[in-house]
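Structure first, commentary second.
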Amino acid sequence: MNTLQLKNKIIQRISEIEDEDLLKSIEILFSASDENIAKFLAFANEQIHNGENEETEDFTGYIKEWVKSM
């Protein structure tokens with residue numbers, strides 16, 4: 001998948017989200033630096049690969065705590 005396809009896929013997924021709290025959390029995440037976003041996503045991916053989270057889990061709490069620690 002090229003960059004444009006990835007961006008369109010992300011935009012499509014975000015446009016399907018109805019939960020205001022989740023959208024606010026995404027906004028906070030996107031307002032962070034690219035380096036901090038990469039650190040957070042690496043942590044989230046590690047947790048998923050370790051089997052500690054399910055795909056349907058709400059990451060809002062994790063994002064809020066991560067932003068507080070920045």
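The values are calculated or read from the model by the stated rules, or taken from the named source; none is laboratory data. What you see is a predicted model; the values in this text were computed from it and never measured. All Cβ positions, glycine included, derive from the backbone under ideal geometry; neighbour counts span all protein chains shown.
Could you tell me how many of the residues in the range 1-38 are within 19 Å of residue 67 (Cα to Cα), of a type in the set (A, V, I, L, M) and in contact with a helix residue (DSSP H, G or I) (Cβ under 9 Å, 6 or more places away or on another chain)? Selection size over the range 1-38: 7. Within the range 37-62, the set of residues being modelled with pLDDT of 80 or more and under 17 Å from residue 22 (Cα atoms) comprises 37, 40, 41, 44.
Scanning the range 51-64 turns up no residue that is loosely packed, with under 10 Cβ neighbours inside 10 Å and either touching a helix residue (DSSP H, G or I) at 6+ places or on another chain (Cβ under 6 Å) or part of a helix (DSSP H, G or I) (or both). Cβ contacts < 8 Å: first residue closer than 19 Å to residue 58 by Cβ and surrounded by 10 or more Cβ atoms within 10 Å (Cβ to Cβ), restricted to the range 1-28; second residue at pLDDT below 90 and among the acidic types (Asp, Glu), any location; separation 6+ or different chain. Result? From residues that are closer than 19 Å to residue 58 by Cβ and surrounded by 10 or more Cβ atoms within 10 Å (Cβ to Cβ), the pairs are 22/58. The numbered conditions (1) among the β-branched types (Val, Ile, Thr); (2) at pLDDT below 90; (3) outside any helix (DSSP H, G or I) are all true for residue 17 except (2). Free of Cβ contacts under 8 Å to residues at least 24 places away in the same chain and on the phi > 0 side of the Ramachandran plot - does that describe any residue in the range 51-63? Within the range 51-63, one or more residues are free of Cβ contacts under 8 Å to residues at least 24 places away in the same chain and on the phi > 0 side of the Ramachandran plot.
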